[in-house]
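Contents: one structure, followed by commentary.
The values are calculated or read from the model by the stated rules, or taken from the named source; none is laboratory data. Note that the structure is a prediction, hence the values are computed from the model and not measured. Every residue, glycine as well, gets a Cβ built from its backbone with ideal geometry; the counts of neighbours run over all protein chains shown.
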Amino acid sequence: MKTTRITRRHAMLAAGAAALPLVHIRTAGAAGKLAVGFWDHWVPDGNAIMQKQVDAWSSQNKVDVQVDFITGNGNKLLMTGVAEAQAKTGHDIMTFLNWDMYNVAASLAPVDDVMGRLIAKYGPSSSTAEYLAKVKGHWMAVPTSSGDQTKPPCARISLMKKYGFDVQAMYPVKPEMTQGAKDWTYDAFLKAAEAAHKDGMTFALGLGSGTNTDGIDQVGAMFRAFGAALIDSEGAVQVKSDAVHQVLEYAQKLVKFIPDDAVSFDDASNNRALISGKSALIFNPPSAWAVAKRDAPQIAADCWTFSAPSGPKGRYVPTATFFWGIYNFSQNQGAAKELIEYLMQREQVEARANVVDGYDLPTFSSMNDFKIWETVGPPTGTVYNYPIRPWHDAKPNITASEASPDIAVQVYQRAVHTNMLARLKNGQTIPQVVAWAQDELEGFTR
C-alpha cells in the first residue's frame, strides 16, 4: 500500500486549536481504519522509521492507518490533544507529553491490558511514567519511547578536564560506578561552575520562564536531590522547610556563576550556547550534540553526556516522557491497542532508537542494553551514560512530582522552582523568595 503526503485541515471545535500540516494518509481500502497523531520527531528520519513500522503493521493486519506527525512547537501537540478531547472527535491514538495526558485522562480509554502484557515481558516501566500515566490505579496511556528522554549534563570534555573533572574517566563506556562519579556532588558541580565562569564559559542553565522546560527540569531535579519538596504528597506547602532553605542557600551561590540572561532563556538557548562554543556544560538530551555534529563538529567531538550530581538526598536525573493514549470515543479501540503494543516491542523500539542516534529512551530499563549508546559518536560512547544506568545510583525525576499530579502540574507550568532562582539571581533575599513562593503555592492547594 502506498503512503502519500498531503495537506488538510482538521475541523476543531475547541477554541484556539490550529490546523495540522503535512498529513500522511493511507488511501487503500482495508478492514477497519485508524487515525494516529504522532509527535513530529526533531530528527527527520525519526518520522520515516515510525511510518515504515506503521505501514508494516497496517499491511499485515489489513487496517487502513492515517498518520499525522504533529509538531510540539507553539504547543501545537498540546492544543490538538485538548481540542480533540473536548470535541470528542479526531484521532484514535494521540501523543501526549508529560502532564498533557493527565489533563485529558477523562477522555481516554484505560490500557491496563496492554501495559500488563508489556510489563510482564519487559519488566516495570519508569517511575516517572507510572506517576504520570496511572490515574486511580489504572494506566490511561502507554509510555512511548519515541521522544522519551533524560536531561543530564552534556559538557565539553576538554574544558571540564581543565577545571579538574575528567568526565570520560568519571563516566566511562562500561558498567562501572567510579570514585569520580561518586564524588560528582552538587558541591563539586558548584566548583566546576565557578571555574567555568572565571574562564568565560559559564554553565548555560536556564531560569525563570515556563517556556524554558529544560531549566524547570534541571532545577527541579536539584531541589529533589536536596529533599526540598515545595508541596508534599498530602498537599501541604513545604516552602519554609529546612531542606528548601538549604537548597536556596546553595542556589544563591550557584546563580552567580550562570549567564546574566538565564532568566530569559527558552529551550533553545542552552543548545545555542553549547554549539556556539560559549558554554562548558548544559543539561539536555543529545539534541544539542547531534546538531553540533552537523554545524560544529569540533565541538561535538568534545562533548560527553553523564549523570547529574548527587545531593544530600540522592542523585536525580530530569526526564521527559511521551505517551500514546486512546480516546474513549474511538470506534476502533481494539486495533489501536494492537498497533501500540506492536510499536512497543523491543525490535521496533530499538530500530527507532538506532535511527535517531539513541535520542529515544525506552521506558523499560531492560531495553537499556541497546548497542547504539555504546557505539554512536563522535566521540565514540559520548551518550553511553545518557540512559539512567543501574550503577549510576540515580533516579528519574519530573519537577514537582513530590505532590499529586493535579497539583504538581500547576507548580510545573508556573515554573515556580526556576522563578525562585531567578529572583535570587535578581538580588532578592531568601526570605523574600520564600514569601513569594508561599503565596504562589497556596493558590494551587486551595
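Could you go through segment 222-239 and let me know if any residue there is touching a residue at least 60 places away in the same chain (Cβ under 8 Å), surrounded by fewer than 24 Cβ atoms within 10 Å (Cβ to Cβ) and of a type in the set (Ser, Thr, Tyr). Within segment 222-239, one or more residues are touching a residue at least 60 places away in the same chain (Cβ under 8 Å), surrounded by fewer than 24 Cβ atoms within 10 Å (Cβ to Cβ) and of a type in the set (Ser, Thr, Tyr).
For segment 176-221, how many residues meet the condition of being surrounded by fewer than 18 Cβ atoms within 10 Å (Cβ to Cβ) and either touching an Asp or Glu at 6+ places or on another chain (Cβ under 6 Å) or closer than 19 Å to ARG414 by Cβ (or both)? Going through segment 176-221 one residue at a time, the tally reaches 2. Among the conditions (1) over 21 Å from ASN397 (Cα atoms); (2) out of contact with any Lys or Arg (no Cβ under 6 Å at 6 or more places or on another chain), VAL247 misses just one, which is (1). Among the residues here, VAL434 does not qualify as closer than 21 Å to LYS151 by Cβ and either among the polar types (S, T, N, Q) or in a helix (DSSP H, G or I) (or both).
For segment 207-227, a residue qualifies if it is touching a strand residue (DSSP E or B) at 6+ places or on another chain (Cβ under 9 Å) and either in the same structural domain as ASP100 (by TED's automatic domain parsing) or in a loop (DSSP other than H, G, I, E, B) (or both), and the qualifying residues are PHE226, GLY227. Residues that are in contact with a helix residue (DSSP H, G or I) (Cβ under 6 Å, 6 or more places away or on another chain), touching a residue at least 60 places away in the same chain (Cβ under 8 Å) and crowded, with 24+ Cβ neighbours inside 10 Å occur in segment 287-295; there is at least one. Within segment 121-167, the only residue that satisfies the criterion of being buried (at least 19 other Cβ atoms within 10 Å of the Cβ), more than 30 Å from LYS337 (Cα to Cα) and among the basic types (Lys, Arg) is ARG156. A single member of GLU84, GLU130 is of a type in the set (Asp, Glu), part of a helix (DSSP H, G or I) and in contact (Cβ under 8 Å) with a residue 40 or more places away in the chain, and it is GLU84. Per the conditions (1) surrounded by 21 or more Cβ atoms within 10 Å (Cβ to Cβ); (2) hydrophobic (A, V, I, L, M, F, W, C); (3) assigned to a loop (DSSP other than H, G, I, E, B); (4) in contact with a Lys or Arg (Cβ under 8 Å, 6 or more places away or on another chain), the sole criterion not satisfied by PHE329 is (1). Considering only residues in segment 356-390 that are assigned to a helix (DSSP H, G or I) and of a type in the set (A, V, I, L, M), the one that is nearest to the chain's Cα centre (by Cα) turns out to be MET367.
In the set ALA236, ALA228, ALA251, which member is closer than 12 Å to THR418 by Cβ and of a type outside the set (Asp, Glu)? One residue alone meets the criteria, ALA251. Of the residues making up segment 188-206, those that are assigned to a helix (DSSP H, G or I) and either without any contact (Cβ under 8 Å) to a residue 60 or more places away in the chain or not assigned by TED's automatic domain parsing to the domain that holds ILE398 (or both) are LYS191, ALA195, LYS198.
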